[in-house]
Amino acid sequence: MIEPLIKHIAGFYGVEHQAGKLSEECGELIAQAQRVAYGDRSEIRINCMAGEIADVLIMIEQMIFLLDIEKKVTKRKEEKIARQVRRINAQRMEANP
């Protein structure tokens, strides 16, 4: 369920503006994720990562609301999770025949 304040913000700015903002926030998250991937797990980096994740999650919730795609997103998440679990199980089978 999307929080009322997130809906309020989304409604004020609209889909085009917030889609651009989502793109910007994703870029900032990617930059932080790359630093973590290369081994920077300092407290400052982890705090930055948490902030960028929060920004992206907020923007994603706004886009879900603005595009009215909550059910579609939920369905696709379930499908993707199930597919990845199947892949993991197949890799385990290959490693331990």
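The values are calculated or read from the model by the stated rules, or taken from the named source; none is laboratory data. Owing to the predicted nature of the structure, the values given are computational and were not obtained by experimental measurement. Here the Cβ positions follow ideal geometry from the backbone for every residue, glycine too, while neighbour counts run over all protein chains shown. Only protein heavy atoms, including side chains, enter the accessible area calculation; ligands, DNA and RNA are left aside. Shrake-Rupley method; radii C 1.70, N 1.55, O 1.52, S 1.80 Å.
Filter the chain for me: DSSP H helices, axial length by Cα at least 24 angstrom, mean Kyte-Doolittle hydropathy not below -0.5. List them by residue number. Qualifying helices, which must be both long enough and hydrophobic enough, are 15-37, 43-67. A 1.4 Å probe run over the protein chains yields, for the chain, 78 Å² of accessible area per residue, whole-number rounding. Estimated at 0.36 nm per residue, the fully extended path between D68 and I2 surpasses their Cα-Cα distance by 22.7 nm. Quick check on the chain: take the gyration tensor over C-alpha atoms, sort the square-rooted eigenvalues as a ≥ b ≥ c, and tell me if it's rounded (a/c under 1.5), prolate or oblate. In terms of gyration-tensor shape, oblate. The sum of -39500 (n - 2.57) across all DSSP H runs of n ≥ 4, divided by the residue count of the chain, sets its helix-only mean residue ellipticity at 222 nm to -30000 deg cm²/dmol. If the elastic network links every pair of Cα atoms under 10 Å, which of K80, K72, K21 fluctuates the most in the Gaussian network model of the chain? Comparing K80, K72, K21 in the GNM, the peak value goes to K80. Stretched out straight at 0.36 nm per residue, the stretch from R45 to A90 would grow longer than its current Cα-Cα span by 12.7 nm.
To put it simply, the accessible area of the stretch 33-97 at a 1.4 Å probe is 58 percent carbon and sulfur.
So which residue, out of Q32, Q84, Q18, gets the largest mean-square fluctuation from a GNM of the chain using Cα contacts under 10 Å as springs? Largest GNM mean-square fluctuation: Q84. Approximating the spin labels as points 7 Å out from Cα along Cα→Cβ, the I60-to-A82 distance works out to 2.0 nm.
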